[in-house]
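The values are calculated or read from the model by the stated rules, or taken from the named source; none is laboratory data. Here the structure is a predicted model, which is why all the values come from computation and not from measurement. Using ideal geometry, Cβ is built from the backbone for each residue, glycine included, and neighbour counts are taken over all protein chains shown.
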Amino acid sequence: MSSIKKLAGQTIWYGLSSIFGRFLNYLLTPLLVTVFASGEYGKISTLFTIAAFLNIVYTYGLETSYFRFSAIHQEPKVYNTCSTSILLTTFFLTGVLMLSAGSFATFLEMPEHPEYITWVILIVALDTLSVMPFAKLRYEGRPRKFAAIKVLNILINVGLVIFFLVVCKNAYEKGTENFFATLYNPKIGLGYVILSNLAASGVTLILLAKEFFQFRLRLNPVF
């Protein structure tokens with residue numbers, strides 16, 4: 001009975017972080033629709049749809065493999081192999097995609113903003129490097145830290161979007177000469193949404209540094 005209770009408690013923590021994220025992102029949609037024209041908002045949706053696809057490519061089911069093989073092999077060796085593999089492929093894929101950022105920007109009809117593509121690629125890379133540390137938290141049964149970091153990621157993302165597109169943008173448009181107005185650049189535009197996500201992903205990886213650096217750079221074809 002205690003094991004069932006423990007499993008139920010962990011499930012609640014994992015589930016709440018996911019539900020909370022969906023709820024906040026839902027509340028953020030009206031703001032983005034108001035700030036940007038429908039065409040601009042569509043670009044945001046396209047970029048993050050591509051990011052979701054890249055996340056699948058970058059991780060290639062390694063999180064599931066980690067849980068599966070940790071049940072039958074020594075977990076440290078499995079973690080070493082999975083982390084090393086995902087680190088190497090992340091650097092390789094990121095490098096390849098970075099070289100083609102300008103071409104992707106032209107293809108997506110935003111040639112004037114190749115930096116958008118670069119930022120999205122960096123978000124995918126940072127999120128990918130966080131996959132194994134998050135998996136380790138789940139394996140070790142630490143749902144509270146898992147949920148806390150997930151929720152903090154969302155709060156930073158949403159908070160920065162509101163800060164830049166409401167506080168700083170309004171100060172800039174009113175011609176107010178203060179610190180907030182200087183932080184807004186109209187040329188960046190929807191890029192602030194991407195930058196907010198990038199900052200949140202960076203902070204998340206920093207908070208997972210303890211778990212991230214627990215692996216040794218080693219590949220074990222046979223455990």
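Restricting attention to region 92-102, the residues being without any contact (Cβ under 8 Å) to a residue 12 or more places away in the chain and either β-branched (Val, Ile, Thr) or part of a helix (DSSP H, G or I) (or both) number 4. Taking the numbered list (1) under 18 Å from Leu129 (Cα atoms); (2) at pLDDT 90 or above; (3) loosely packed, with under 12 Cβ neighbours inside 10 Å in turn, Thr64 passes all entries but (2). Candidates in region 164-213 are the residues that are touching a Lys or Arg at 6+ places or on another chain (Cβ under 7 Å) and not in a helix (DSSP H, G or I); of these, the one that is nearest to Leu32 (Cα to Cα) is Leu190. I'm checking my understanding of the structure. Among residues of region 121-160 that are surrounded by fewer than 22 Cβ atoms within 10 Å (Cβ to Cβ) and of a type in the set (Phe, Trp, Tyr), which one is modelled with the highest pLDDT? Across region 121-160, the extreme among qualifying residues is Phe134. Scanning region 103-111 for residues that are under 22 Å from Leu54 (Cα atoms), touching a residue at least 12 places away in the same chain (Cβ under 8 Å) and assigned to a helix (DSSP H, G or I) turns up at least one hit.
Consider region 118-148. How many of its residues are within 30 Å of Phe104 (Cβ to Cβ) and part of a helix (DSSP H, G or I)?
Total meeting the criteria: 17.
Pull up region 130-189, narrow it to residues that are basic (Lys, Arg) and over 19 Å from Val203 (Cβ atoms), then point me to the one that is farthest from the chain's Cα centre (by Cα). If you could, list the steps in order and put the result at the bottom.
Start the filter on region 130-189 by keeping residues that are basic (Lys, Arg), which leaves 136, 138, 142, 144-145, 150, 169, 174, 187.
When the remaining residues are screened for being over 19 Å from Val203 (Cβ atoms), the result is 138, 169, 174, 187.
Values: Arg138: 18, Lys169: 24, Lys174: 33, Lys187: 24 Å.
Residue satisfying both the conditions and the ranking: Lys174.
Residue count for region 167-192 satisfying the condition of being closer than 27 Å to Pro114 by Cβ and exposed (fewer than 15 other Cβ atoms within 10 Å of the Cβ): 5.
What are the residues in region 34-59 that are at pLDDT 65 or above and surrounded by fewer than 13 Cβ atoms within 10 Å (Cβ to Cβ), if any? Explain how you work it out, then say what you get.
Initially, region 34-59 is screened for residues at pLDDT 65 or above, giving 34-37, 39-59.
Within region 34-59, Thr34, Ala37, Gly39, Gly42, Ser45, Thr49, Ala52, Phe53, Ile56, Val57 qualify.
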